[in-house]
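Participant: Below are the structure tokens for one structure; questions will follow.
The numbers here are math on the coordinates, done by the rules we state, and not lab data. None of the values given here were measured: they were computed from a predicted structure. With ideal geometry, Cβ positions are generated from the backbone for all residues, glycine too; neighbour counts draw on all protein chains shown.
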Amino acid sequence: MSPYAKQTYSARAGGFSNPTGVQLLRLMDEKKTNLSIAADVTSKVELLKMADQLGPYICVFKTHIDILSDYDETVPGALQALAEKHHFLIFEDRKFADIGSTVKSQYASGIYKIASWSHITNAHPIPGEGIIQGLKEVGLPLKRGLLLLAEMSSKGTLAKGEYSQETLRMAKRNKDFVFGFIGQRRLAEEGAEEDEDFLYLTPGVSMAQPGDSLGQQYRSPEQVILESKCDVIIVGRGIYGAADPVAKAIEYRAAGWNAYLKRTQQA
Ligand code: S5P
């Protein structure tokens, strides 16, 4: 088994240089949760209500801020206040994918000014390493952290094989800023043991559905945490689409946490 997957989250914190990565690892053990909610709603009232109601059960609140139809500049402050109240990190799932110079402006400026309020964001490695450099110049002074999309949950994804391998190598060269991946399994360089620790945040999680009509593919919390040795389950419709989202979040949190306990207790 991966040498890192056997360890507790907080024991792994020492191997991380990015402050957001360290904070997340410690927070998960303190709060006993490896659940992230994908809050894909289009109204700010609903978004903030979700952050307040589900906040106690999650480690990361994942947003797509550009799908809000009534966004205004009070939203980031309100989200930050809830992050402090409930002790979670905010992850704007922006999926940057342009040249370094452009993503720098997209991250710092525009209507959303993502870097000013989101602890975590993510990027596709497709443009090459300049995308990390550009985002880093904005994010590192603010102590932010970046995730690279190494693999995707959707059917037919091109992010696989050598693409994922090169993504891992890019992350290794930028550990000050990149603390993990969006991915479906832990990665090691081909033919080698895992030699550096990263956090793996994994979407495509549902205990009820195998997928949706647009190519999403789901696995269970056990498959993600126990079999694939990922660290955080990201759940969207499986929670906010339920009749009682709080009860569902409690269920997913327990499933994710029990799988983690089993994994760390395995000899
Ligand atoms: O590979 C991916 C990467 C991401 S970040 N597959 C995904 O589904 N996501 C995101 O996770 C997606 O943008 C959405 O916000 C969430 C999954 O939502 P669900 O409703 O299918 O659980």
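Participant: What ranking do Ser228, Ser17 get, fewest neighbouring Cβ atoms within 10 angstrom at the top? Please list the in-between numbers first.
Facilitator: On the way: Ser228 16, Ser17 12.
With the sparsest Cβ surroundings first, the list reads Ser17, Ser228.
Participant: Related question: Modelling each spin label as a point 7 Å along the Cα-to-Cβ direction, I'd like the Ser2/Ser17 distance in nm, to one decimal.
Facilitator: Inter-label distance under the simple model: 2.1 nm.
Participant: Springs between alpha-carbon pairs under 10 angstrom, Gaussian network model over the chain: which of Gly236, Gly156, Gly130 fluctuates most?
Facilitator: Of Gly236, Gly156, Gly130, the most mobile in the Gaussian network model is Gly156.
Participant: For region 124-149 and region 72-102, write down the distance between their C-alpha centroids in whole Å.
Facilitator: The two parts, judged by their Cα centres, are 15 Å apart.
Participant: State the Cα centre-to-centre distance between region 2-19 and region 192-267 in whole Å.
Facilitator: If we compute the Cα centre of each part, the gap is 19 Å.
Participant: Would you look at the GNM of the chain, springs on alpha carbons closer than 10 Å, and say which of Gly191, Gly110, Gly55 moves the most?
Facilitator: Gly191
Participant: Follow-up. Hey, what number do you get for the chain at 222 nm if only DSSP H runs of n ≥ 4 count, each worth -39500 (n - 2.57), divided across all residues, to the nearest 500? Walk me through the numbers on the way to the answer.
Facilitator: Numbers: 9 runs with 95 residues, N = 267.
Using -39500 (n - 2.57) per qualifying helix, the result is -10500 deg cm²/dmol.
Participant: Output the relative contact order of region 9-263, whole-number percent, from Cα pairs under 8 angstrom with separation of 6+ residues. Intermediate values should be presented prior to the final figure.
Facilitator: On the way: 490 pairs, mean separation 48.5, N = 255.
Value for region 9-263: 19 percent.
Participant: About its Cα centre, how strong a charge dipole does the chain have in debye, to the nearest 20, once Lys and Arg get +1 and Asp and Glu get -1 at the Cβ?
Facilitator: Working: 31 positive and 32 negative charges, 80 e Å.
Dipole of the chain, to the nearest 20 debye: 380 debye.
Participant: Then there is this: Choose one of Ile239, Val45, Ser116: the residue whose Cα lies farthest towards the positive end of the charge dipole of the chain (beta-carbon charges +1 Lys, Arg; -1 Asp, Glu; about the Cα centre).
Facilitator: In the chain, that residue is Ile239.
Participant: Given DSSP loops and a limit of at most 11 other Cβ atoms within 10 Å, what is the longest stretch of the chain that contains no such GluC sites (Glu not before Pro)? Could you put the intermediate results ahead of the total?
Facilitator: Numbers: sites that count: Glu73, Glu190, Glu193.
Of all site-free stretches, the longest is 74-189.
Participant: Need one number: % antiparallel among DSSP beta bridges in region 9-263, to the nearest 5. Intermediate results must be reported in sequence, preceding the final value.
Facilitator: Working: 1 of 28 bridges.
Just about 5 percent of them are antiparallel.
Participant: Then there is this: Using θ = phi - 60° and the Karplus relation 6.51 cos²θ - 1.76 cosθ + 1.60, list the HN-Hα couplings for region 183-197 in order, rounded to whole Hz, with x at every Gly or Pro.
Facilitator: Along region 183-197, the couplings run x, 10, 7, 5, 10, 9, 5, 3, x, 10, 7, 4, 10, 9, 8 Hz.
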